[in-house]
1. Considering each of ALA157, ALA100, ALA126 in turn, give the residue that is in the same structural domain as SER65 (by TED's automatic domain parsing) and either within 27 Å of SER65 (Cβ to Cβ) or free of Cβ contacts under 8 Å to residues at least 24 places away in the same chain (or both).
2. Based on this model, can you work out whether ALA90 counts as among the small types (Gly, Ala, Ser), within 16 Å of the chain's Cα centre (by Cα) and more than 27 Å from GLY211 (Cβ to Cβ)?
3. Checking TRP29 against (1) modelled with pLDDT under 90; (2) over 30 Å from GLY279 (Cβ atoms); (3) under 23 Å from the mean Cα position of the chain (by Cα): exactly one of these is not met. Which one?
4. From the list THR79, THR46, THR92, THR140, exactly one residue is modelled with pLDDT of 90 or more, of a type in the set (Val, Ile, Thr) and farther than 19 Å from LEU172 by Cα. Which is it?
5. Does VAL233 fit the bill of being assigned to a helix (DSSP H, G or I) and farther than 17 Å from ALA359 by Cβ?
6. Applying the selection to region 15-41, what residues are more than 16 Å from ARG149 (Cβ to Cβ) and either of a type in the set (A, V, I, L, M) or touching a residue at least 24 places away in the same chain (Cβ under 8 Å) (or both)?
7. What are the residues in region 274-300 that are surrounded by fewer than 19 Cβ atoms within 10 Å (Cβ to Cβ), aliphatic (A, V, I, L, M) and farther than 13 Å from ALA320 by Cβ, if any?
8. Considering only residues that are of a type outside the set (Ser, Thr, Tyr) and either outside the structural domain of ALA292 (by TED's automatic domain parsing) or touching a Phe, Trp or Tyr at 6+ places or on another chain (Cβ under 7 Å) (or both), look in region 359-391 and name the one that is nearest to VAL223 (Cα to Cα).
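The values are calculated or read from the model by the stated rules, or taken from the named source; none is laboratory data. Everything quoted here is computed from the prediction, not taken from an experiment. Don't worry about glycine lacking a Cβ; one is built from the backbone with ideal geometry, like all the others, and counts go over all protein chains shown.
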Amino acid sequence: MRQLYRALENNRDLKLLLTANMISLTGEWILRTGLAYQIYLLTGSTLASAASVMASLLPQLLLGSIAGVFADRWDRRRTMAISHLVMIVALTPLLVVNDAGRVWLVYLVIVVQSSLAPFFISSEAALLPSLVKKEDQLVTINSLNAQVRDIARLVGAALGGTIGGLGGTAGLSITNMSILALAAGLLWRMQKRQAPAVSTRLDVVREWIEGLRSVRASRALRVFFLFTLVTGVGEAIMGTLIAPFVRDVLGGDSQAFGVIMAAQSVGGIVGGLVATAIGHRFSPRAMFGWGALVFGVLDLVLFLYPLAAKVLWPSPLLIALVGLPAAFLTAGAITVFQNATTNDNRGRIFGAMAALKGAAMLIGTIISGALGERVGIVPVIATQGAAYFLAGIVVLLGLRENHSRLAVHSPRVPAEL
């Protein structure tokens, strides 16, 4: 942990950003989990629940690339804070949702939240590397940031159902308003003001195309985008079919499903601790490629072992073990991305990647819905493991060590802030 201490020492802005991330992501998971529960409670319709997923994916697909362009234009700290403040206002309709006739207001809130999210995540992804003082500390901070996300998911998902059950949509609204206000306040306290060095005239289409050209010119980015496309489809399939897998294939109940999901989050946290402690000893390419490959193998074991024995107990263990390669994969992948971009184009490239992932997840959701019953749950859900395994091979073959650190332009992480 000495590497982590050195990375955070005397770095107030970085600590504020990571803390704000944890707080806002916890609120996001509270809202996401709570609203999913409330929609089904008010309507009793799985179709209504599926519509909420579509409402969250489409804005990210449509706005991801555009938001990335603005993340390279605007002060990123201010963009993140203002997106939180706007969301506070957008949450107010939830205060009056108390029957199925007003569920459309919930969809409206989901659409607004999903429209603001690309501006936040593109700005955060572009800002974080510039706050790390030394390049060899980047893997450590990326590992820590991934762990922050896992903790936020575990805590937020647990609280979301409880808050929604006790206070309904109004309780979820008030809770998230408070959380977003706190996170915005922390972001506003950051001292760094960073205006990317781009021309004063805004041309969204031209700058978006320049970002795509940067991807085309970089082998690391081409591999990263291919990885995002393939695994995005797999993630959506797993997210759609994991509950039917537990219930219909393993014979588990809702309690078993909760245990498996909790094991996944705990495994991610433990994996994040390990990656934060020792990740700096490995190259980003190795963490990226081997992490994906091992992730895929463990996923295949998880989803295929019921063909030999339909017992429940291996599932929590296996899904927890997946957390270790997942942590290395996440830290290595984002570091490869950061090293292959510059401060001036990182936001738009990340936005394009987020839009691509949204499209891939939309495809995966459609595939799982169409084939889950016709082909069977196990063959379809196992494609996630196969996708990660093949993507890991692509990363290891497509990125030589020098390519994993090759940027489109020479500057990476500034030596001094």
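1. On the way: ALA157 fails: either within 27 Å of SER65 (Cβ to Cβ) or free of Cβ contacts under 8 Å to residues at least 24 places away in the same chain (or both); ALA100 fails: either within 27 Å of SER65 (Cβ to Cβ) or free of Cβ contacts under 8 Å to residues at least 24 places away in the same chain (or both).
Of ALA157, ALA100, ALA126, the one residue that is in the same structural domain as SER65 (by TED's automatic domain parsing) and either within 27 Å of SER65 (Cβ to Cβ) or free of Cβ contacts under 8 Å to residues at least 24 places away in the same chain (or both) is ALA126.
2. Working: among the small types (Gly, Ala, Ser): yes; within 16 Å of the chain's Cα centre (by Cα): no; more than 27 Å from GLY211 (Cβ to Cβ): yes.
No, not satisfied.
3. Of the numbered conditions (1) modelled with pLDDT under 90; (2) over 30 Å from GLY279 (Cβ atoms); (3) under 23 Å from the mean Cα position of the chain (by Cα), the odd one out for TRP29 is (2).
4. Details: THR46 fails: modelled with pLDDT of 90 or more; THR92 fails: farther than 19 Å from LEU172 by Cα; THR140 fails: modelled with pLDDT of 90 or more.
Selected residue: THR79, the only one of THR79, THR46, THR92, THR140 that is modelled with pLDDT of 90 or more, of a type in the set (Val, Ile, Thr) and farther than 19 Å from LEU172 by Cα.
5. Working: assigned to a helix (DSSP H, G or I): yes; farther than 17 Å from ALA359 by Cβ: no.
In short, no.
6. Here is the first cut: in region 15-41, the residues more than 16 Å from ARG149 (Cβ to Cβ) are 15-16, 34-41.
Within region 15-41, LEU16, GLY34, LEU35, ALA36, TYR37, GLN38, ILE39, LEU41 qualify.
7. Passing the criteria: ALA277, ILE278, ALA286, VAL297, LEU300.
8. ALA391
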